[in-house]
1. Once the Cα atoms of helix 2-24 and of the chain are each reduced to a long axis, what angle between those two axes, in degrees from 0 to 90 to the nearest 10, is obtained?
2. If you take the charge dipole of segment 81-182 about its Cα centre, with +1 on Lys and Arg Cβ and -1 on Asp and Glu Cβ, which of Gln155, Ser167, Phe110 is farthest toward its positive end?
3. Do any trypsin sites (Lys or Arg not before Pro) in segment 142-200 lie in a DSSP loop with no more than 10 other beta carbon atoms within 10 Å, and if so, which?
4. Could you tell me the accessible area of Leu377 in Å² (1.4 Å probe, neighbours in place), rounded to the nearest ten?
5. Does segment 282-400 come out rounded, prolate or oblate, given a ≥ b ≥ c as the square roots of the eigenvalues of its C-alpha gyration tensor, rounded meaning a/c under 1.5 and, failing that, prolate meaning a/b above b/c?
6. Who wins for biggest fluctuation among Ser118, Ser167, Ser351 in a Gaussian network model of the chain, springs between alpha carbons below 10 Å?
7. Please report, in debye to the nearest 20, how large the charge dipole of the chain is about its Cα centre when each Lys and Arg carries +1 at its beta carbon and each Asp and Glu carries -1 there.
8. Place the peptides 323-329, 357-363, 54-60 in order of packing, highest mean first, counting for every residue the other Cβ atoms within 10 Å and averaging per peptide.
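The values are calculated or read from the model by the stated rules, or taken from the named source; none is laboratory data. Small disclaimer: the values here were computed from a predicted structure and weren't measured. Every residue, glycine among them, receives a Cβ derived from its backbone with ideal geometry; neighbour counts consider all protein chains shown. Accessible surface is based on the protein model in full, side chains and every heavy atom, while ligands, DNA and RNA are left aside. Shrake-Rupley method; radii C 1.70, N 1.55, O 1.52, S 1.80 Å.
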Amino acid sequence: MKRIFETFAMAAMIAVPLQIAQADELGDSRFTVRGFGTLAATTQNTDGVEFRRNTGQAGGVEAGEVELETDSIVGMQLDARLDSKFDVVLQGVSRQRADGDWAPQVTQGFVRWSPDDSFAVRAGRVGYDIYLLAESRQVGYSYPAVRPSPEFYGQITNDDIDGGDLSYTRRVGRGLIRARVFGGDGSGELVFADGSEKKAEGAVYGATFDYIWRGWTARIAYVQFNYDAGRDVPLLVGALRATQFPGALAVADDLDKKSYRSDGVQIGVAYDDGPVLAQLMYGAVKSDSIAGPDFDKFYGLFGYHFGEITPFVAFASSSDRNPVHDAGLPNVPQLAPLNAAVVAIQKATRSTQHTTSLGVRYDFNPHFDLKLQVDLLGVTDSSIIFDRRPNAGSPVDLTVVSAAVDFVF
């Protein structure tokens, strides 16, 4: 908690002189400094369970505790315009990482070339975030809820790649079409309930296509993840094949790859005009191995602006398509560890849960908002939460209550 207050205090001390410098010394608008952040307090009511917003967090919220680390984040972005066609962007973010540290990380750092308003190319570290009606998942001020839906985004711990993207925007009739393709090297972090960590690295490719008309935005997005199998997988494959049991051989064939591939598709529509705010999204992920995620997900939100106050209701669900199975080996002491290892590989990517959310956002200042939110979770089998109950793995319900202040400058 002390580290969070230190981080936010540092951001506040930096913000004022930066704003003065931006106004007085950099009046030609070649340089722009922006900051953003969320200071959030979160609590929940279920013993033996820790609530997390994504699988890359080292710890979660325990029952009866008020935790600041789960939903708090602070970041800063520098834009430097080199000339009419080139600019440079550098963004750093501090948040809870897989090792529990809050050391700032560079989440974006790229050069952008844009000869006109319709075409842009970026190279460097770029974000591929596909969250509708938001600048970024990191900028809480840009969306109504306290956090992006864990069901939809809880297994995507980093949404940046070292590579580039290309975007094109064109007016068609009264609307706009916007297409973007991206690709590069990415990484993700996984932290498990026993305290162990895993880092997945590989190539990420994808594309998004938007149609924008008045207050409507429709999007189709495709993302492909190619990630390393890991150093321990060949040992497990060899041990499974040594048993010569048919079920174990089938699992070994499934796992025996240098890299795995997961394909994700998202279809969404959003409306934000006048007093009404609404979102409806469907996503699906399919993998070529039991070691990867394989689920369907849904998200819907409806809000209504009463001046500066926006109450909203949301529902999200994620459902794994396939049941967990072991290697089909006899349950004897010599072979039980192999069955357990096969189950653990599948459990690492499970995400069967649903959440009903009620919340309100109050924009009390052009640069600040206050949010209050209650989430009712039903968890059947999910790696997003930490489950340390004696009967871990059985269905569980929990209520999460959050209060947050978002800011931008």
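1. Long axis of 2-24 versus the principal axis of the chain: about 30 degrees.
2. Ser167
3. Within segment 142-200, the qualifying trypsin sites (Lys or Arg not before Pro) (loop, at most 10 other Cβ atoms within 10 Å) are Arg174.
4. 10
5. Taking the square roots of the gyration eigenvalues as a ≥ b ≥ c, segment 282-400 is prolate.
6. Looking only at Ser118, Ser167, Ser351, the biggest GNM fluctuation is shown by Ser118.
7. Magnitude of the dipole: close to 740 debye.
8. 54-60, 357-363, 323-329
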